[in-house]
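Notes follow once the structure below has been shown.
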Amino acid sequence: MALELYERLCADDRRPSPYCWRARLALAHKGLKPDYRTVKFTEADRVAFSGQSKVPVLVDGEAVISDSWNIACYLEDHYPDAPSLFDGSGGRAMARFVNLWVDHGLQKALSSILAPYALAAAHPDDRTYYRQTREARYGESLEALATKRAVFLEALNPVLEPLRQRLNESPFFCGERPAYGDYLIFAEFQWARSVCDQDILAAEESALRVWRSCMLDLFDGLARSVTAYDTAA
């Protein structure tokens, strides 16, 4: 039975979910090509078989795995002959730390910047749901949030500093070649590229821009193959 990956669908066939990109890139790293199944925000029932309501969900024969971290660990454990995502138990622990830093640091900093743009990128069937849930989360309208973009970009700057310094030391976050830590971080930049027509990186961010371009080129341009803005070329 073919692998199936259930992922978020937005307007114009956009696939912006950073969590789904973590899974997409992990599968590509392992040399696996799933069939993609799309799920709108208002179609949670499509993944009810997984025992929860979120994407990504990976189906591999009788195995059903939800949550991007669980998917990465499943792929590492069940496809041991394919290239490793973690390079050992120490690498897995480090990747878990990066996962938590992204979730609680980088993504939090980016979400306030991107939320107003993501409304237009949401599937038309989902826009009411998206607006209601995001405005409840932020405690203000998306239009009010958009007026604070410059403030949020300034707050993003120190969050990126460890990444800048690391990418001045090696071509990829994980060293000479990309691994799951790179995918965790890049998935957030792919989210930005998918929904926002203004680049979140300043022109002088040379190391980050070179790394991002290399990540876009991986796996025959997998990240370039979907609908997105060209501001992050």
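Read-outs: derived from the displayed coordinates by stated rules, not from any lab. The structure presented is a predicted model; accordingly, all values stated were derived computationally and were not measured. When we count neighbours, we look across all protein chains shown, and the Cβ atoms used for this are built from the backbone with ideal geometry, even at glycine.
Projecting the Cα atoms of Phe189, Ala207, Ala228 onto the charge dipole of region 169-233, computed from C-beta unit charges around the Cα centre, puts Ala228 farthest toward the positive end.
In this Cβ point-charge picture (+1 for Lys and Arg, -1 for Asp and Glu), the chain has a dipole of about 320 debye about its Cα centre. Considering only His29, Leu218, Gln132, the residue lying farthest towards the positive end of the dipole of the chain is Gln132, judged by Cα position with unit charges set on Cβ. If R0 is taken as 45 Å, the Cβ-Cβ distance between Thr147 and Asp81 corresponds to a FRET efficiency of 0.30.
Which of the peptides 117-123, 102-108, 55-61 is most tightly packed, and how do the rest follow, judged by the mean count of other Cβ atoms within 10 Å per residue?
Values: 117-123: 20.4, 102-108: 16.3, 55-61: 22.4.
Highest mean packing first, the order is 55-61, 117-123, 102-108.
If only the Cβ of Lys and Arg carry +1 and only the Cβ of Asp and Glu carry -1, the dipole of region 89-226 around its Cα centre is close to 260 debye.
Extending 7 Å from the Cα toward the beta-carbon at both Leu3 and Ala203 defines two label points whose distance is 4.1 nm.
What distance in nm separates the simple spin-label points at Val210 and Asp13, each placed 7 Å from Cα in the Cβ direction? Here the answer is 3.4 nm between the modelled labels. Between Arg164 and Ser89, residue separation times 0.36 nm minus the direct Cα-Cα distance comes to 24.4 nm. Counting Lys and Arg as +1 and Asp and Glu as -1 over every other residue whose Cβ lies under 15 Å from the Cβ of Ser206, the net charge comes to -1. Plainly put, region 89-226 has a radius of gyration that is 0.98 times its Kirkwood radius, both from alpha-carbon atoms, as the Rg/Rh ratio.
How high is the relative contact order of the chain, given as a whole-number percent (alpha carbon pairs under 8 Å, six or more residues apart)? Could you put the intermediate results ahead of the total?
Details: 305 pairs, mean separation 55.2, N = 233.
Across the chain, relative contact order equals 24 percent.
Taking a point 7 Å out from the Cα of Asp220 in the direction of its Cβ, the residues of region 26-43 whose backbone N falls within less than 20 Å of it are 26-37. Return the percentage of antiparallel bridges among DSSP beta bridges fully within the chain, rounded to the nearest 5 %. Expressed as a percentage, antiparallel bridges in the chain total about 60.
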